[in-house]
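Undergrad: Structure in structure tokens, see below.
The values are calculated or read from the model by the stated rules, or taken from the named source; none is laboratory data. Since this is a predicted model, take the numbers as computed values, not measurements. In this analysis, Cβ positions are derived from the backbone assuming ideal geometry, glycine residues included, and neighbour counts consider all displayed protein chains. Note: accessible area is taken over every heavy atom of the protein model, side chains too, but ligands, DNA and RNA are not part of it. Shrake-Rupley method; radii C 1.70, N 1.55, O 1.52, S 1.80 Å.
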Amino acid sequence: MNDKILLSPEILLYIAQSLDLPMRGLVAVIELLDDGGTVPFIARYRKEATGNLDEVQIRDIEEKLAYFRDLTERRATILASIAEQSKLTDELKSRIEATLDKSELEDLYLPYRPKRRTKATIAREKGLEPLASYLWQQQTSAQPLESFAATFVNAELGVASVDEALEGARHIVAEWISEDADLRKALRRVMFDEGMILSRKATDAVDEQEKFKMYYEYKEPVKTIPSHRMLAIRRGESENVLYFLIEVEPERPVALIQRHVLRQQGDWTPQLKVAIDDAWKRLLNSSIQGEIRLELKRRSDADAIQVFRDNLYNILLAPPAGPISVLGIDPGLRTGCKIAVVDATGKLLAHDILYLHTSKHGNTEAIPKLEALLRQHHVRAIAIGNGTASRETDAFVRAFLREKNIEDIFSVTVSESGASVYSASDIARQEFPDLDLTVRGAISIARRLQDPLSELVKVDPKSIGVGQYQHDVDQRQLQDSLENVIESCVNRVGVDLNTSSWTLLRFVAGITERTAQNIVSYRDEKGGFRSRTQVLEVPGIGPKTFEQAAGFLRIRDGDNPLDMTAVHPESYPVVEQIAVSLKTTVKEVIQSPQLLEQVDRKQLSAGAYTLDDILAELHKPGRDPRSKFVAPVFHDEVREISDVQTGMVLEGVVTNVTKFGAFVDIGVHQDGLVHISELSNRYIKEPSEAVKAGQIVKVKVLSVDTRAKRIALSIKALAEPSSRSVPNPGKSAPLLQPTRDEKFAAFLGKWNAQRTKT
């Protein structure tokens, strides 16, 4: 295990400089992490120690810490291995100890790594290493090269001629060249800076939908190729449709090697040039290319995972409708619409099926059934999944509410991505062992409206549908990263200790899955918790776990009013000092936050950052940091892609933000694409600078291709004045008729097709 390996001062300084962090804060974070601290806890409750580093900075430190501890451990192994071979010189040891890069470390170890039998190995077995050294040293000698090489001719060793002796010596030299750490580093830089990605369609490849047509004959610099295009090429390769190479003008690396190897002219020069050419073509080209391919994958994986992280963060923190009773509908055509009613706490009250689209009697049977459920269970909202038949179902519900003159119930369409995955999961079976999968899906849809975070944590985040090539990236890295996002969101919002499921509690800082289940079991057996400290009675929760988790656990109407706030129990004495200084009670301070204006901060025993947080929390105790819930309003007459017309202005929800733009659900079962160039009037480097997943936006339709099922949208068009006049304001003519070139149209089609498969 390397989790407690001490890092050298040089490495600590390097981390501090690369992350632009103060050394004091860096060391404090490392000590807190090593002491079992969680990132949310350190970021929220140890600001004095860290100098107010935020969660992103602390996670960056955590990542660097893991990297350099791995490097330190690997370095020790390499030094021991070379020392065992009695080849560890002081110079080599110094270089190994000085490197801060894993690739460079492996390059330094390469000459000493155990090898399979190579051409150079065979040449050494034939006694040709002294001849190779002669070539390598390039020293003038009285004896010509050919006569010196003749001394190595030995039929018994398999060296039949001078040419064979020189060939074997060149193989040894080629291996020495390929194992030179400085040379490999320089060649990597040349290939990265000057190399070109070349993708081609594989022979006899089948690409029926032509998803990868753009890449049949494609070329782009290694240095600038965006992650989404690199991932698309890699996917095409994995599906045996494409193959790709990294090419660089051969004269560049060969010339670089010659400058590195050739020191003076002599009769050895032609032999060394042949060895250099062989080293590049046979050993270095494929090896360096493999390293660059791996680096491109790491880079594109990191970008794709970051896109996924950002989208997931915004989806999880989507505004909740709150604790109201909801009727959830999982729409369907032939099999009917599955409905489920849940109370304000998410408890299932009733479920049924409405046949809205296939019944011989039309909706006459469904109307009284729906009305009875709404009245009986005092339903406040209807949540409709956005799958098949959702717009038809939405139209029926809206018409029903109008006809019945029901104004105290609102209807909204919610994303059902991942609902089917949840329905078939072990978690769903534990919650509702006797219910059909489709009913579980309707329950999940209803609960998603009440609290997206509480419900979505039950679903594998990769199934929520907000990622970019999520199945192509490093799965372990993706899973770890997404779990960090969920942990961050859950702890930012806080968790009700008396109502939350174990699936939500398990993401509270310091709490494991088993501990979360123990909390629920304790709660079921002994009733609700009256105080935070009572959680110490739960098996598996000791002082350390309590320290990490307590501030993120909420208790409504408990014995201590501070238990409903984000104030950590360790800071309760500070709040009591505040109450005493104001000559009142803690309860009164919470109920009348205006009293805090009279607080004299100098009299309180807390650091500035901690005190700022305490006072901010007491001003709005127990406040949900999420935005206020607002339901998107889809156009009543736009239900299918055929209803979408160029020039329409529609409201929609951002479903996915990628590196090249944002997809928006406008209610027609086919998300439209707002290309990055249509997101904002100002220059933006990333689409995430302009929009977030889950955001409600107004868009203008730029173009529609019903056959290819692609819709081009613009947000920018609604924000900028247009010099073009409306042809006839009295008609529904398009306000703008922008031209979209064929390349952009092909771009839209390609990405829609790839996204559908993703």
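Undergrad: Would you mind working out the magnitude of the charge dipole of region 95-157 relative to its Cα centre, with +1 at each Lys and Arg C-beta and -1 at each Asp and Glu C-beta, to the nearest 20 Debye?
TA: On the way: 9 positive and 9 negative charges, 56 e Å.
It works out to roughly 280 debye.
Undergrad: So if I place +1 on the C-beta of Lys and Arg and -1 on the C-beta of Asp and Glu, and nothing else carries charge, what would the dipole magnitude of the chain be about its Cα centre? I want it in debye, nearest 20.
TA: With Lys and Arg at +1 and Asp and Glu at -1, about 1340 debye.
Undergrad: Let me ask another. Scan around residue 680 for amide H atoms under 5 Å from its own, H built in the peptide plane at 1.01 Å from N, and keep only partners 5 or more places away or cross-chain.
TA: Answer set, sorted by chain and number: 716.
Undergrad: Among 7, 32, 52, whose Cα lies farthest out toward the positive end of the dipole of region 1-58, if unit charges sit on the beta carbon of Lys, Arg (+1) and Asp, Glu (-1)?
TA: 52
Undergrad: With θ set to phi - 60°, apply the Karplus curve 6.51 cos²θ - 1.76 cosθ + 1.60 along region 99-104 and write out the HN-Hα couplings as whole Hz, x wherever there is a Gly or Pro.
TA: Ordered by residue, 3J(HN,Hα) equals 6, 10, 10, 5, 5, 5 Hz.
Undergrad: Fully extended, how many nm does the chain gain between residue 584 and residue 347 (0.36 nm per residue separation, minus their Cα-Cα distance)?
TA: Extra length from residue 584 to residue 347 when fully extended: 81.3 nm.
Undergrad: Could you tell me which label, among (1) 59, 38, 24; (2) 54, 33, 21; (3) 43, 38, 22, carries the value of semi-axes √(5λ) of the Cα gyration tensor in Å calculated for this structure?
TA: (1)
Undergrad: Hey, can you grab everything whose amide H is under 5 Å from the amide H of residue 350? Only 5+ residues off in sequence or another chain; H modelled, so Pro and N-termini drop out.
TA: Those lying under 5 Å, H to H, from residue 350 are 341.
Undergrad: If Lys and Arg each add +1 and Asp and Glu each add -1, what is the summed charge of the other residues whose beta carbon sits under 12 Å from the beta carbon of residue 160?
TA: Here the count lands on -3.
Undergrad: Counting only heavy atoms of the protein chains, get the accessible area per residue of the chain (1.4 Å probe) and round it to a whole Å² value. All intermediate terms of the calculation are to be shown ahead of the outcome.
TA: Working: 36490 Å² over 758 residues.
Result: 48 Å² per residue.
Undergrad: Next question. Please figure out what share of the DSSP beta bridges in the chain is antiparallel and state it in percent, rounded to the nearest 5.
TA: Beta bridges within the chain, antiparallel portion: roughly 75 percent.
Undergrad: Give the residue list of trypsin sites (Lys or Arg not before Pro) in region 659-718 that are DSSP loop and have at most 11 other beta-carbon atoms within 10 angstrom.
TA: Filter output for region 659-718: 682, 685, 707.
Undergrad: When the Karplus curve 6.51 cos²θ - 1.76 cosθ + 1.60 is applied with θ = phi - 60°, which whole-Hz ³J(HN,Hα) does each residue of region 134-151 get, with x for Gly and Pro?
TA: These are the phi-based 3J(HN,Hα) values: 4, 5, 5, 6, 6, 10, 5, 9, 5, 8, x, 4, 5, 5, 5, 5, 5, 5 Hz.
Undergrad: Could I ask something else about it? Considering the options 329, 96, 582, tell which one lies farthest towards the positive end of the dipole of the chain, charges being +1 on Lys and Arg and -1 on Asp and Glu at the Cβ, about the Cα centre.
TA: With unit charges placed on the Cβ atoms, the residue in question is 329.
Undergrad: Give a quick list of chymotrypsin sites (Phe, Trp or Tyr not before Pro) in region 619-686 that DSSP marks as loop, anything other than H, G, I, E or B, with at most 10 other Cβ atoms within 10 Å. If you can, show how the numbers build up before the last one.
TA: Values: sites: 629, 634, 660, 663, 683; in loops: 629, 634, 660, 683.
Answer in residue order: 683.
Undergrad: Based on a Kirkwood Rh over C-alpha pairs, give the Stokes-Einstein translational diffusion coefficient of region 201-315 at 4 °C and viscosity 1.567 mPa s in µm²/s.
TA: Translational D for this selection: 76 µm²/s.
Undergrad: If amide hydrogens are placed 1.01 Å from N in the peptide plane, which non-local residues have theirs closer than 5 Å to the one on residue 626?
TA: Placed amide hydrogens put nothing under 5 Å from residue 626.
Undergrad: Related question: Note down the relative contact order for region 418-525 as a percent, whole number, built from C-alpha pairs under 8 angstrom at least six residues apart. All intermediate terms of the calculation are to be shown ahead of the outcome.
TA: Details: 78 pairs, mean separation 22.0, N = 108.
This gives 20 percent for region 418-525.
Undergrad: Loop-only check: which trypsin sites (Lys or Arg not before Pro) in region 547-616 are DSSP coil with at most 13 other Cβ within 10 angstrom? Display every interim value, and only then the final one.
TA: Numbers: sites: 554, 556, 583, 587, 601, 602; in loops: 556, 583.
Sparse-neighbourhood loop trypsin sites (Lys or Arg not before Pro): 556, 583.
Undergrad: Another question, if that's okay. Could you tell me the number of lysine pairs in region 569-659 with C-alpha atoms less than 30 Å from each other, where the two lysines are 8 or more residues apart or belong to different chains? Before the final figure, lay out each step's value.
TA: Working: 583/602; 583/620; 587/602; 587/620; 587/628; 602/620; 620/628; 628/659.
Step by step, the pairs that qualify in region 569-659 add up to 8.
Undergrad: Also: In whole Hz, what ³J(HN,Hα) sequence does region 451-462 give by Karplus (6.51, -1.76, 1.60; θ = phi - 60°), x for Gly and Pro?
TA: Once θ is set to phi - 60°, the couplings for region 451-462 become 7, x, 4, 4, 8, 6, 5, 7, 9, 4, x, 5 Hz.
Undergrad: What number, in percent, do you get for the relative contact order of the chain if the mean sequence gap of Cα pairs under 8 Å and at least 6 apart is divided by its residue count?
TA: 9
Undergrad: Quick one: pull the percent of accessible area on region 342-437 belonging to carbon and sulfur, 1.4 Å probe, ligands and nucleic acids left out.
TA: Taking all protein chains in place, region 342-437 shows 49 percent carbon and sulfur surface.
Undergrad: Between 21, 545, 656, whose Cα lies farthest towards the positive end of the dipole of the chain when Lys and Arg beta carbons carry +1 and Asp and Glu beta carbons carry -1, centred on the Cα centre?
TA: Final value for the positive-end residue is 656.
Undergrad: Across the chain, where is the longest run that never hits GluC sites (Glu not before Pro) in a DSSP loop with at most 14 other C-beta atoms within 10 Å?
TA: 408-636
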